Structures are given as C-alpha cells and as structure tokens.
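Beneath this line is the structure, given in structure tokens, with notes to follow.
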C-alpha cells in the first residue's frame, strides 16, 4: 500500500536561509531514517532555489550554501516575497500554487512538501511509518510546532495505535456496569456470575470470528464487541430472573428452569427474531462498514440466543444443586452412623432435624 503524506512548514520564516536549510534537512532525514518513506514527490523550494540563479536581480541574495537570504534586510525580505510570487506564476512552477499559503502582507504563512509511504499493508506497518515520521519532526530544529507530517490515513492509523487499550477499557466499564445492574435485579452472586461468564464467552467467540474472517480490531468491530454486552445481557437476564422468581413453587432447579423457559423463552426468541429482521437490510448495503456491522450483529444475536437457551440453563443448574442431590449427600454423609449419634450432631432448635 502506498499513500502520499505532507510535511507542512507552518509559521516558519522561509525567507531565512537557516530555516530553508533545516526544512531541506528534515526531508533528507525523513528519507534516510524512515524506512517506509520515499520522495519528495514535489517541493517548491528545490525548484525555486534552482530558478533563482538564473534571475540576474536575485542571484546576489544567494549565500554560499545556495539558499536565499531574505532575512537580513527589509529589501531582501521584499525581494524574496516578490520573487516567490513571480515564481508561482510561471509555467511549470504554477503547479506549486496550492503548496504555499500567504499572509495578507505577502509573506509566506505556510508551505508543504509531499512525500509518500510505501509497504504499509497492515496496521503495524502503518503505525511504524507514521511514528517514524513524527520522531524525525521532533528531532528537527524546526520542531513539531513549525513542521509536522500529516496525511488523511493518519487519522485512521492513530486509531490503530489506541484501539486495543480503548477496547479493553470500554469492555471493562461495560462489564462493571452490567455487573452492578445484574446484581440489583438478581441479587445473587451465582446468578450474576453465570450471566457474566456467558457475556465473556460471547465476546471471546466474536474475537474468534474476527480472526476467521480476516478482520482487524477497529472502531466498527470494537463497537460491536462492546454493544454485544448490552444486547445479549437482555436474553440472559430475563431467563435467570424468571428462574430466581420460581423458587417457592419449583424448589428443584430443573423444574424451575423448565418453568422459566416456558414462561419467557418465547419472548426472548421473538426478541432475537425481531432484532434479526431489523438489521436484515444492512445485508444488502454496498458499504463495507455496514456489511461488517451486519455480520457481527447477526452473530451477536445468534450467540446470545444459543447461550440463553443452552449454556446459561446448564450453568444455573450446576450453580443450584437440586433438593434430591442435597438429600443424597446428607444420607451419604451419615451412612452407617447410629440414629442417636446423628441426632446429637443437630442443633437443639430442630431446623436441620425437620429438614432431614
């Protein structure tokens, strides 16, 4: 992948030969010390300094290094400004007209040179190229206040630099928020833990799908991962909450889960179906972003229903041993022990005796 990037000199006094030398040196450093940079594709100052010696009225302003000295006198500054304006009006140098911005008094406000990055396929290579160019600008005498590299793709490359930490931060915040709200609704550590375990499993499944599809972690996929927590918890919490409310009439967890599925299972399935229908038009979108969003959204709904109907019932059942299992465990614990000795181990209030 190859794309052009610019090196603006903003606020630098281009009439000063030292600034001209520093700007040229910066371009040389960008090419020599940045492996993925090449160019410059075009730079007005190179052509301008090659044009000036051919102008009899201007050649006397060049110093020994070949730079235009327009900073030592007002006459030199005026000559530089006027000559740059003349230079930009002559073919083929008029192509640089968009490369220079002027103040109202005719002095140069900003100018730029264009280079290009190459071999930047993949997020890591893009980040490496951008960071290396920034480092060269920071090391330049001009400093980043007067010279900085910029390209439109840098906006998205910067995203790649922070996407992992931002994703983790948002996932953690989402899990904390869901934990608090689930605790308020369910008020049971085991039930909340089962819900959070399913949510974590679904996000892991989505990460695996991203890898299988060859998709990178970016703003679209990050939004889907975070959104999955808030969307899927609805499927899970309804079933678990209904399970918790049937404690009295269905003390056995198997019967309780069956009653919960019978009561809210249809509504949860209908919610998943309507969500699928709502995002179905995105499948026909021409935009890559919308198509990726559709694929992830369908997977979120599907994984949410699978975990809601198959995974979390098993987790809840394992978290709440049945009454029969407790009785069998008690009988096994006291097997072969005389009845009088068993009674002596029970408290006097008789609560456990009535249970046995």
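Mind ordering 255-262, 287-294 by average Cβ neighbours within 10 Å, highest first?
On the way: 255-262: 17.4, 287-294: 14.4.
Result, highest mean Cβ count within 10 Å first: 255-262, 287-294.
Express in % the proportion of alpha carbon pairs of the range 1-147 at distances exceeding 23 Å.
The share of Cα pairs beyond 23 Å in the range 1-147 comes to 37 percent.
I need the peptides 196-202, 213-219 ranked by packing, meaning the mean over residues of other C-beta atoms within 10 angstrom, with the highest value on top.
Working: 196-202: 19.1, 213-219: 13.4.
Averaged packing, sorted descending, gives the order 196-202, 213-219.
Ranking 242, 173 by Cβ neighbours within 10 Å, fewest first, what do you get? Provide the component values of the computation, followed by the final result.
Numbers: 242 20, 173 12.
Least crowded to most crowded, the residues run 173, 242.
Give me the Kirkwood hydrodynamic radius of the chain, using the inverse of the mean 1/r over all pairs of distinct Cα atoms, in Å to one decimal. Walk me through the numbers before you get to the answer.
Details: mean 1/r = 0.0373 Å⁻¹.
The Cα-based Kirkwood calculation yields 26.8 Å.
Expressed as a rounded percentage, what relative contact order does the range 3-152 have, with Cα pairs under 8 Å and six or more residues apart?
On the way: 208 pairs, mean separation 66.0, N = 150.
The normalised contact order for the range 3-152 reaches 44 percent.
From zero up to wherever the largest Cα-Cα distance of the range 156-320 sits, split into 5 Å bins and tell me the percent of pairs in each.
Per 5 Å bin, starting at 0, the Cα pair percentages come out as 1, 9, 17, 19, 19, 14, 10, 6, 3, 2, 0, 0.
Can you tell me how much longer the chain between residue 288 and residue 185 gets when fully stretched, taken as 0.36 nm per residue apart minus their C-alpha distance, in nm with one decimal? Numbers along the way, then the final one.
On the way: separation 103, 0.36 × 103 = 37.08 nm, distance 3.88 nm.
Result for the pair: 33.2 nm of gain on full extension.
When the helix-only estimate is applied to the chain (DSSP H runs of n ≥ 4, each -39,500 (n - 2.57), divided by the residue count), what is the mean residue ellipticity at 222 nm, nearest 500 deg cm²/dmol? Present the calculation step by step, with values, prior to reporting the outcome.
On the way: 13 runs with 218 residues, N = 356.
Rounded to the nearest 500, it is -20500 deg cm²/dmol.
Order these by the 10 Å Cβ neighbour count, fewest first: 114, 140, 286, 59.
Details: 114 15, 140 20, 286 6, 59 11.
By the 10 Å Cβ count, ascending, the order reads 286, 59, 114, 140.
What is the angle, in °, between the Cα long axis of helix 189-213 and the longest principal axis of the Cα atoms in the chain? Nearest 10 is fine, range 0 to 90.
40
Over all pairs of distinct alpha carbons, what does the Kirkwood formula give as the hydrodynamic radius of the range 175-236, in Å? Working shown, then result.
Details: mean 1/r = 0.0808 Å⁻¹.
Radius from the Kirkwood sum: 12.4 Å.
Where does each of 238, 307, 250, 117 land when they are ranked from fewest to most other beta-carbon atoms within 10 angstrom? Let's see the in-between values first.
Values: 238 19, 307 23, 250 16, 117 28.
Listed from fewest to most nearby Cβ atoms, that is 250, 238, 307, 117.
Given a cut-off of under 8 Å on Cα pairs at least six residues apart, what relative contact order in percent is computed for the chain?
Reported relative contact order: 17 percent.
Bear in mind that the values in this text are calculations on the coordinates, not laboratory data. What you see is a predicted model, and the numbers here were worked out from it, not measured in a lab. Neighbour counts are summed over all protein chains in view; Cβ atoms, including those assigned to glycine, are modelled from backbone coordinates with ideal geometry.
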